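Asks: The structure under discussion is supplied below as structure tokens; questions concerning it will follow.
Read-outs throughout are calculated quantities, based only on the coordinates presented, and are distinct from any laboratory measurement. Please read these numbers as outputs of a predicted model, since none were measured by experiment. Cβ coordinates were reconstructed from backbone atoms using ideal geometry, including for glycine residues, and neighbour counts include every protein chain displayed.
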There are 2 protein chains.
Amino acid sequence: MIEAIGVIGGGQLGRMLALVAKRMGYRVVVLDPQPHSPCGQVADEQIVAAYGDLAAIEELGRRTQIVTYEFENIAIDSVGHLEQHGYRVTPAGSVLRVTQDRAAEKAFLRACGVPTTEFATVERPEELDAALAIAGLPVVIKTVRGGYDGKGQWRAASRAEAENVLRDAGGAAVIVERAVDCACELSVVAARASDDEAVTFPVAENVHEDGILMTTVAPARIDDEIALRAQELARNVGQRLGIVGTYCVEFFLTRAGELLGNEIAPRPHNSGHFTIDVTPCSQYEQHVRAICGLPLSPPRMFSRAIMTNVLGDGRGDRLGGVAELLSDPAIVLHVYGKRHAVARRKMGHFTTIVDGPIDDAALLRAQAARAKLFWS
Amino acid sequence: MIEAIGVIGGGQLGRMLALVAKRMGYRVVVLDPQPHSPCGQVADEQIVAAYGDLAAIEELGRRTQIVTYEFENIAIDSVGHLEQHGYRVTPAGSVLRVTQDRAAEKAFLRACGVPTTEFATVERPEELDAALAIAGLPVVIKTVRGGYDGKGQWRAASRAEAENVLRDAGGAAVIVERAVDCACELSVVAARASDDEAVTFPVAENVHEDGILMTTVAPARIDDEIALRAQELARNVGQRLGIVGTYCVEFFLTRAGELLGNEIAPRPHNSGHFTIDVTPCSQYEQHVRAICGLPLSPPRMFSRAIMTNVLGDGRGDRLGGVAELLSDPAIVLHVYGKRHAVARRKMGHFTTIVDGPIDDAALLRAQAARAKLFWS
């Protein structure tokens, strides 16, 4: 019987997970190097230690009955260490080995029957020409490991630009991908239980700015056929991964109407935040249910929604305009408790509940709401 | 600017309040004599001290920008002490002076234009006959102060029984009320802001067993006219009280179709738990908004709901049957983190989302769900 859940990583995903787990009556212990992390502020206990501190990781295993993580860039060794020492940890290290390496991830997507853009890896500069021969131009170049929120990601329209990128990447292995003629970016948040039971949330449509997710529209404004296909592909990916928990598969929808798999996140995802406010069982609760051996809940949406991220801008740590924002009864606000609103840091988000269709008026309303908030 | 909220009382109401306040980005400090109280488990800090420990109460005021409470039976002196020393506390002590005294409360309801059953107070045994002359028989006899969940409450069908009750009450002042020929019990959860803005949730219908709320049906299955009247009366009560925050007014609906005011709770209420799961802005968020000077949110319901309390039965502290309960996707579970499931203790609740009408089938479904849970 699970009474306490361990979480590696104390950011906002861990925080939202902990808030749900507490509501369901679980104890939560988080491990994060930063004291009073966003998750630590709502958990029962925080172990302050580096993700790679194996003694501390083991302590997390000892204090809980199941360990999970909110940040896929954690040292794979930590998860492996828990597994080797007989602690329950999910998703399994085998999942991380796929998702931590962009090349392995893309190859895996293809093996699952998910088309991807053409790509090749470049570990040494002399491999660039061969890679460009596969990928063509323009390309998107990403570090194979460790990038997120647009970090470790560049565009190159020419061979010369690609060479400069390789120099900027400082010798890190990169993946060179053919740039996609993208109609929109989609994501499917899904959850899988240990008995192969699986659920998928409605497909979400994502708008990024400078590589950071800014807005999610749910459900995506796409043909039913494409939506069903994306959900089916996401289910296939989950099954092949053998993942237990909530995960997300990101897709590009090309202008030609083709779905191309982009990334797998083996955890609750920013594009699934809307599920907290407009579904009875959010992506976080599905994750808790999956890892605790409880049945998943077939998703239903009470209403359509637009999720808007609230980023820091470096002008100050105090969020203003909240009263103005909340004067719109369609808005639900989430603030992550981060002390410093560094530029581009994800500080919170809000969900706009949309009763009619998600048209330009609805999007402008969400945008106008975002403009009410400021940092000082 | 409010960054931290102080809560006097660490029970489940404080816990659910804290979970919302954390989601909105506030720090929460709770004061409760019991370490690791339900609220303390999700708050940033708990001050372990008696409610009447004025030095500790003042410390709570110092560590926060606004103090509120989740338990109206706290020493009125604590709230008064904070007010006298310039700390912000809401609802105000003047509200507690009305609601802590059942006789003052009933007189206040009448002054607000809310009819009540006939009643009289009995402070000395020789006042019983005069009281029965007003109230008639049968009567319900309640201690003037301190009762809750059916404690301090008795029925008497004869003068002799009433005398026995007075003896059982051990000399405490009591209120003698004419027993109401009740069609159903209703409650209106409402919230009021400092600028007189007010919102009321749909009227809820409550079923008690042995004086403890067991089930709430929302919205109540009553005529619109009665519902509107109950909401109007609740708004009047809030305005006259000058309360800032969420409160609840309980009514009896007599078989003759008359609304009689019964009690005022100056805090979020058990009968408003459904608002967490089927409205975008729950009674707890309305409370946070009211005390923090944020605009209230006009309530809307995503669906109908039945709330079912989960009580301890003294057979054990471990809740079983959760997987079976959650196999119904209409159910949302809340567990309060109390260590010991003493008989009749409120240990949690669940909300059943009801899509169709709330008919016998829906009620039986909720009842069957409750039967899946057990303690061991």
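Asks: Across 5 Å bins from the origin, how do the percents of Cα pairs in the stretch A:144-217 run, short distances first?
Replies: Once binned at 5 Å, the Cα pair distances of the stretch A:144-217 give 3, 11, 16, 18, 16, 14, 11, 6, 4, 1, 0.
Asks: Follow-up question, since we're still on this one. Could you list the trypsin sites (Lys or Arg not before Pro) in the stretch A:173-232 that lie in coil according to DSSP, counting only those with at most 16 other Cβ atoms within 10 Å of their Cβ? Show your work: numbers first, answer last.
Replies: Working: sites: A:178, A:192, A:221, A:229; in loops: A:221.
Sparse-neighbourhood loop trypsin sites (Lys or Arg not before Pro): A:221.
Asks: Over the Cα atoms of the stretch B:4-89, what radius of gyration and what Dmax do you get, in Å?
Replies: For the stretch B:4-89, the Cα-based Rg and Dmax read 11.3, 31 Å.
Asks: Tell me the distances, shortest first, between residue A:71 and the same position across the other copies, using label points 7 Å along Cα→Cβ, in nm to one decimal.
Replies: Ordered by increasing distance: 3.7 nm.
Asks: Please give the Cα centre distance for the stretch B:11-66 versus the stretch B:110-143, rounded to the nearest Å.
Replies: Cα centroid to Cα centroid, the span is 37 Å.
Asks: In peptide A:20-27, what is the residue-averaged number of other protein chain Cβ atoms found within 10 Å of each Cβ?
Replies: The shielding value for this peptide is 6.
Asks: Sorting A:342, B:29 on the 10 Å Cβ count, fewest up front, what's the list?
Replies: Ordered by Cβ neighbours within 10 Å, fewest first: A:342, B:29.
Asks: So, one more: Find every distance from the label point of residue B:97 to the corresponding label point in the other copies (7 Å from Cα along Cα→Cβ) and write them in nm, one decimal, shortest first.
Replies: Relative to the other copies, residue B:97 has label-point distances of 7.3 nm.
Asks: What value, in deg cm²/dmol to 500, does the helix sum -39500 (n - 2.57) over DSSP H runs of n ≥ 4 give at 222 nm once divided by the residues of the protein assembly as shown?
Replies: -9000 deg cm²/dmol
Asks: With a/c under 1.5 counting as rounded, go ahead and sort chain A into rounded, prolate or oblate using the C-alpha gyration tensor (a ≥ b ≥ c being the square roots of the eigenvalues; past the cut-off, prolate if a/b is larger than b/c, else oblate).
Replies: In terms of gyration-tensor shape, rounded.
Asks: Oh, and also: Please check: in the Gaussian network model of chain A (C-alpha springs, under 10 Å), which one of A:222, A:66, A:306 has the largest mean-square fluctuation.
Replies: Maximum among the listed residues: A:222.
Asks: Moving on. Place the label 7 angstrom along Cα→C-beta at residue A:318 and in each other copy, then list the distances from the first to the rest in nm, shortest first.
Replies: When each copy's label point is compared with this one, the spacings are 5.1 nm.
Asks: Another question, if that's okay. Among A:256, A:135, A:92, determine the one that fluctuates most according to a GNM of chain A built with springs between C-alpha atoms less than 10 Å apart.
Replies: Answer for the Gaussian network model of chain A: A:256.
Asks: Further question on the same structure: In straight Cα distance, which lysines are under 28 Å from residue B:346, not counting same-chain residues fewer than 8 positions off?
Replies: Correct list for residue B:346: A:22, B:22, B:106, B:142, B:151, B:338, B:372.
Asks: Which whole number gives the average count of other chain Cβ atoms within 10 Å of the Cβ atoms across peptide A:316-324?
Replies: The per-residue average across the peptide is 2.
Asks: How high is the FRET efficiency between residue B:367 and residue A:342 when r is their beta carbon distance and R₀ equals 60 Å, given to the nearest 0.05?
Replies: Between residue B:367 and residue A:342 the formula returns 0.70.
Asks: Multiplying the sequence separation of residue B:324 and residue B:208 by 0.36 nm and subtracting their Cα-Cα distance, what value in nm do you get? Spell out each step's value before the answer.
Replies: Working: separation 116, 0.36 × 116 = 41.76 nm, distance 2.51 nm.
That pair, residue B:324 and residue B:208, stretches by 39.3 nm at full extension.
Asks: Please give the FRET efficiency for residue B:97 paired with residue A:172, using the beta carbon to beta carbon distance and R0 = 60 Å, rounded to the nearest 0.05.
Replies: About 0.30, to the nearest 0.05.
Asks: Further question: How high is the FRET efficiency between residue B:376 and residue A:184 when r is their beta carbon distance and R₀ equals 60 Å, given to the nearest 0.05?
Replies: The value I calculate is 0.70.
Asks: Residue B:272: net charge of surrounding residues, Cβ under 12 Å, Lys/Arg +1, Asp/Glu -1, itself excluded?
Replies: That works out to -2.
Asks: In A, who owns the beta-carbon nearest the axis carrying A over to B, and how many Å from it?
Replies: Of all Cβ atoms in A, the one closest to the rotation axis yields A:302, 2.
Asks: Rank-order A:32-45, A:355-368 by packing density, defined as the average count of other C-beta atoms within 10 Å over each peptide's residues, highest first.
Replies: A:32-45, A:355-368
Asks: Fewest Cβ neighbours within 10 Å first, please rank A:331, A:2 accordingly. Present the calculation step by step, with values, prior to reporting the outcome.
Replies: On the way: A:331 22, A:2 16.
Ascending Cβ contact count within 10 Å gives the list A:2, A:331.
Asks: While we're looking at this one, here's another question. Under the definition of partner shielding as Cβ atoms of other protein chains within 10 Å of a residue Cβ, what is the mean value for peptide A:344-355?
Replies: 1
Asks: Right, next: Of A:214, B:16, how do they rank once you tally other Cβ atoms within 10 Å and put the fewest first? Show your work: numbers first, answer last.
Replies: Details: A:214 18, B:16 26.
Fewest-to-most Cβ neighbours within 10 Å comes out as A:214, B:16.
Asks: Along each of its three principal axes, how wide is the spread of alpha-carbon positions in the protein assembly as shown, in whole angstrom units, largest first?
Replies: Over the protein assembly as shown, Cα extents along the principal axes are 104, 50, 49 Å.
Asks: Tell me the label-point distance for the pair residue A:228, residue B:151, using the 7 Å Cα-to-Cβ offset, in nm and rounded to one decimal.
Replies: 5.8 nm
Asks: Peptides A:288-297, B:154-163: what's the order by average Cβ count within 10 Å, highest mean first?
Replies: With the highest mean Cβ count within 10 Å placed first, the list reads A:288-297, B:154-163.
Asks: GNM on chain B, C-alpha springs below 10 Å: top fluctuator among B:51, B:247, B:284?
Replies: Result: B:51 has the largest fluctuation of those listed.
Asks: Among B:130, B:24, B:67, pick out the residue whose Cα is farthest towards the positive end of the charge dipole of the stretch B:1-135, where Lys and Arg carry +1 and Asp and Glu carry -1 on C-beta, about the Cα centre.
Replies: So the residue we want is B:24.
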